[in-house]
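The values are calculated or read from the model by the stated rules, or taken from the named source; none is laboratory data. A quick note: this is a predicted structure, and the numbers were derived from the prediction, not measured. When we count neighbours, we look across all protein chains shown, and the Cβ atoms used for this are built from the backbone with ideal geometry, even at glycine. Heavy atoms of the whole protein, side chains included, go into the accessibility calculation; ligands, DNA and RNA do not. Shrake-Rupley method; radii C 1.70, N 1.55, O 1.52, S 1.80 Å.
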Amino acid sequence: MAKKLQLTLKVWRQPSGKAEGRIETYDAKDIPVTASFLEMLDIVNEGIIADGGEPIAFDHDCREGICGMCSLTINGCPHGPGKGVTTCQVHMRSFQDGDTIWIEPFRADAFPVLKDLMVDRTAFDHIIQAGGFISARTGSAVDANATPIPKPVADAAFDAAACIGCGACVAACKNASAMLFVAAKVEHLGMLPQGKAEKDRRVLSMVRAMDDHGFGNCTNQYECEAVCPKEISATYITKMNRDFAAASVKEAVVTEF
Amino acid sequence: MVSDISKDMPDSKIPSGPIAEKWTKHKMDSRLINPNNKRKYTVLVVGSGLAGASAAATLSELGYKVKCFCYQDSPRRAHSIAAQGGINAAKNYQNDGDSVYRLFYDTVKGGDFRSREANVHRLAECSTEIIDQCVAQGVPFAREYGGLLANRSFGGAQVSRTFYARGQTGQQLLIGAYSALSKQIAAGGVEMYPRTEMLDLVLVDGHAKGIVVRDMVTGRVHSFAGDTVLLATGGYGNVFYLSTNAMGCNVTAAYRAHKRGAYFANPCYTQIHPTCIPVSGAYQSKLTLMSESLRNDGRVWVPKKAGETRRPRDIPEDERDYYLERKYPSFGNLAPRDISSRGAKEVCDEGRGVGDTGLGVYLDFAAAIDRDGEDAIRERYGNLFQMYEQITGENAYQTPMRIFPAVHYTMGGLWVDYNLMSNIPGLHVLGEANFSDHGANRLGASALMQGLADGYFVIPCTIANYLAGETPGTVTTEHEAFKKVEEEVSQRIHQFLNINGNRSVDSFHRELGLMVWDKCGMARDREGLTEALKKIPELREEFWKNVRVPGDNNNVNQELEKAGRVADFLEFAELLCYDARAREESCGGHFRTEYQTEEGEAMRDDENYAYVSAWEHEGVGKEPTLHKENLEFENVKLAVRSYK
Ligand SMILES: Cc1cc2nc3c(=O)[nH]c(=O)nc-3n(C[C@H](O)[C@H](O)[C@H](O)COP(=O)(O)OP(=O)(O)OC[C@H]3O[C@@H](n4cnc5c(N)ncnc54)[C@H](O)[C@@H]3O)c2cc1C
Ligand code: FES
């Protein structure tokens, strides 16, 4: 039989985006250490429903660390304990019997709370719409092997492409900067030969979209890198800054590119 | 009630001519809409997975006005993102004898001769363009040192035709489609509605002309009208409660369409994936797949002796049973999914299963690590080993993984013709939500291929065959049909909120799932199915009397969302069991214990069952009507599927 934990939860409850929120306390009883963190919340919610209350709302879907939907700040840390994991990958064996666990949403001005622990991250979609793509109309592609891409380049692009768009980087940053998210996309596409044609335009418009949506500036604290469930390196930010500078210079001298 | 073959079955519109020319010919024969007119047509695309996103982006590029819907907070999170292993394509970059014909052949055979030849051939033809398209979008497929694309063999294929992106192929493909979609959203060609759940289909004069949705943030029930509706809403694996699908995957969109008249084809063809992490307790909310690419290097075994208690490493070689290698020497650990899953069930039924529950088998990498070194294995599967460790707390470099089969994919889905249109004019169905290409069993790495083929290449051509006959924009949401359906949807929501019973939605879903898994899972028989058909309506009745859905409809209400989905599963489960009972043969993922050979292999009955079962809804709790589409095999000879 798996070991069981008795825990106290301090949970952010907020009935809707407009309403005031506050911390509520719940007992989480007999939680098996083999359960996932979200399964622990399921168990607590079952209890709340049985007692006639409204269960705690939180975003989740795949529950295997890839969709980027889950988004809890656990004991002050986006995605909680452990390196390179999403909230749904945290398991209760990371906690001790008797622990008090603080659970809050991913906080940032650009991510308004919708209810309890759910936030609105559509700002990320808008940033991608601003330029996070390679224009390749369906049907227009050349043979996939026509352009060999050296493995190191492909691998580096991949490391950046691993971003799941969860927003932990923003939630961890004291300035609520989205630089890691933006840099990961800019560099994923910019490093590949297919993405070069739009490279300058991409970095300029994505960074500007980021600013327009109220994300803060990067002051090189690298909290983002520390919480990123896909362990995306902050060196992409440095690279993007260089790309942005270069593109700005070109923009100043060339009107159309 | 069973109807006569073909008499009242809609035309499947399979083009005439030799198999290799059908699609080319069909493209030539398909209608065209002139570029200026395309923008007058509105296409509603429900779903933003590989099928939906690729369709929405491409249709918008062509000039159609597109509205796209998904229930997640962003189209990028559709469940396609979870696909790990890879995507097939007949590129033959490895020069190992692959071809469009071979991919076609393998898929028909893999599907246990229960799919349409013409569709499968088209799929194989489109496969190569998909890879070109994805690479052009920046999908970072694995590459060799020389810079060319790498391939691996996957899921029962004897050639290396699978393209992959570490263990995140679905994610990278979806991000590719999502970026194309995002570009079109920015250009104003697509209006995107995330956190919006389709709750019903609206027919006007028998044609699909709109949908009723619930805004999942405000609770508002409202409608959208269009000239055609595309459902790309994924599979129904969550009818089993536990599956490898995401928590929100559901049958609602497809089932609501079914209740409005769309035929549901082959619902009993469900795929049980052999390599998932075993269940650990009653609180379990989902099962995690370990990509079957692991079977390229992992060896599957159980102890020879029942009731073994030694640690795996302490069990000597000669006391282990590598049962897949033993039974299927030429395919070994790469035997197809249905066969591998049943193999695991058999050894566990014999008491030789491993782990606390006895419902598990070992997947052992020791030999591969000895051969290639730990680093090579880490390079290939690092993230999967890491995922395994997060969930189980065990290090699979040192001790074998424990795996067990779990529900993974559903081959069945809404019936569609060659144009991907259902029997309801104007209702098109794409991706996992349709039944079209995988027969009774899907080969690994073929779902991503199908979703993208449907969305990037098939529907953009075939949609005009319907739209060209329609005057654009004739229907608006002012039409009384919309008001009526909206009213019904609101009424149902009101009902859920006012039952105020004693049981949570999840408790019903769990109970239903267990029942369906037990009676209609890896092995089925007439008696068990008949019992399930008695118990499902009882559970449904209790649900409608005793479910508790807290909160209201003016806000986010996740219990309400789940209630709607579970209510539909409670009806759909019956259809699943009817289909499984009516098909008195074993084929692919459908294993009827009454129909097996002496060695326990599936026994097909081609004489009596070489057809697609297309079910027509007759009312809740009433036996549906079966229509049959005969399957003709002109190119692939019907043969016993042997992987020995
Ligand atoms: C864990 C896992 C691993 C897999 N690995 C592979 C693999 O390696 N290779 C392979 O080929 N296949 C694999 N598959 C199968 C493959 O991923 C799926 O079959 C395929 O991605 C389905 O794509 P889709 O576009 O049809 O549906 P999905 O990606 O499921 O998308 C469904 C969309 O519909 C929306 N939706 C659903 N219902 C509603 C509603 N009522 N209202 C509004 N929107 C709705 C959702 O929001 C979503 O956007 C895997 C599947 C799983 C579960
Ligand atoms: S729920 Fe998908 S990443 Fe956590």
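The figures follow:
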quantity: Sequence ranges B:85-95, A:40-50, B:22-32, ranked by mean other-Cβ count within 10 angstrom, highest first; calculated: B:85-95, A:40-50, B:22-32
quantity: Magnitude of the charge dipole, the protein assembly as shown, Cβ model with Lys/Arg +1 and Asp/Glu -1, debye to 20; calculated: 1320
quantity: Ellipsoid semi-axes in whole angstrom, largest first, where each is sqrt(5λ) of the Cα gyration tensor of segment B:480-608; calculated: 37, 16, 11
quantity: Mean projected area (nm²) of the alpha-carbon convex hull when segment B:538-627 is viewed from all directions; calculated: 8.5
quantity: Fraction in percent of alpha-carbon pairs per bin - 10 Å, the protein assembly as shown; calculated: 2, 13, 23, 27, 22, 10, 2, 0
quantity: Cβ neighbours within 10 Å from other chains - mean over A:51-57; calculated: 4
quantity: Where only C-alpha atoms are counted, convex hull volume of segment A:4-115 per residue in Å³; calculated: 103
quantity: Nearby lysines by direct alpha-carbon distance to B:Lys65 (threshold 16 angstrom, same-chain neighbours under 8 apart not counted); calculated: B:Lys38, B:Lys40, B:Lys183, B:Lys209
quantity: Inter-chain Cβ neighbour average for residues B:455-461, partner chain, 10 Å; calculated: 1
quantity: Heavy atoms of A:Lys3 accessible to a 1.4 Å probe, total area in Å² rounded to 10; calculated: 130
quantity: Filter on B:Lys109/B:Lys644; B:Lys535/B:Lys622; A:Lys10/A:Lys83; A:Lys174/B:Lys562; A:Lys196/A:Lys239 - keep pairs with C-alpha separation over 26 Å; calculated: A:Lys174/B:Lys562
quantity: Spin-label model distance (nm) - B:Lys622 vs A:Lys196, 7 Å beyond Cα toward Cβ; calculated: 6.6
quantity: Dimensionless Rg ratio for segment A:171-229, taking C-alpha atoms and the 2.2 N^0.38 Å reference; calculated: 1.19
quantity: For segment B:380-468, the fraction of alpha-carbon pairs in successive 5 Å shells from zero, as %; calculated: 3, 12, 18, 15, 11, 10, 9, 8, 6, 5, 2, 1, 0
quantity: Helix B:558-582 vs. chain B, principal-axis angle (Cα, 0 to 90°, nearest 10); calculated: 70
quantity: Principal semi-axes in Å for segment B:134-174 [√(5λ), Cα gyration tensor, largest first]; calculated: 18, 14, 8
quantity: Surface share of carbon and sulfur [accessible, 1.4 angstrom probe, percent] for the protein assembly as shown; calculated: 49
quantity: For segment B:272-408, fraction of C-alpha pairs farther apart than 24 Å, in %; calculated: 23
quantity: CD proxy at 222 nm, helix term only [per DSSP H run n ≥ 4: -39500 (n - 2.57); per residue of the protein assembly as shown; nearest 500]; calculated: -11000 deg cm²/dmol
quantity: Convex hull of segment B:1-82 built on C-alpha atoms - directionally averaged projected area, nm²; calculated: 9.4
quantity: Average Cα contact separation per residue, chain B, under 8 Å, 6 or more apart, as relative contact order %; calculated: 21
quantity: DSSP beta bridge pairing in the protein assembly as shown, given as percent antiparallel to the nearest 5; calculated: 70
quantity: Å³ per residue enclosed by the Cα convex hull of segment B:568-612; calculated: 80
quantity: At least 18 Å along the helix axis (C-alpha) and Kyte average at least -1.0, DSSP helices within chain A; calculated: A:37-50, A:199-212, A:235-253
quantity: Per residue Cα convex hull volume in Å³ - calculated over segment B:432-553; calculated: 205
quantity: Between 0 and 90°, nearest 10: helix B:50-62 axis offset from chain B longest Cα axis; calculated: 40
quantity: Spread of Cα-to-Cα distances over 10 Å intervals beginning at zero, given as percent, for chain A; calculated: 7, 27, 30, 19, 11, 5, 1, 0
quantity: Relative contact order for segment B:507-573, counting Cα pairs under 8 Å that sit 6 or more residues apart, in percent; calculated: 38
quantity: Estimated FRET transfer efficiency when R0 is 56 angstrom, pair B:Asn36-B:Asn608 (beta carbons, to 0.05); calculated: 0.60
quantity: Ordering of A:116-123, A:26-33 by burial proxy (mean other Cβ atoms within 10 Å per residue, highest first); calculated: A:116-123, A:26-33
quantity: All lysines inside 17 Å of B:Lys13 as judged from Cα atoms, apart from same-chain residues fewer than 8 positions distant; calculated: B:Lys22, B:Lys25, B:Lys27, B:Lys628
quantity: Peptide B:383-393, shielding by other chains (average Cβ, 10 Å cutoff); calculated: 4
quantity: Quarter of Cα convex hull surface for segment B:225-289, i.e. mean projection, nm²; calculated: 5.9
quantity: Point-charge dipole on Cβ atoms (K/R +1, D/E -1) for chain B, about Cα centre, debye to 20; calculated: 1080
quantity: For chain B, alpha-carbon Rg over 2.2 N^0.38 Å; calculated: 0.92
quantity: Euclidean distance of C-alpha centroids, segment B:385-437 and segment A:2-50, integer Å; calculated: 30
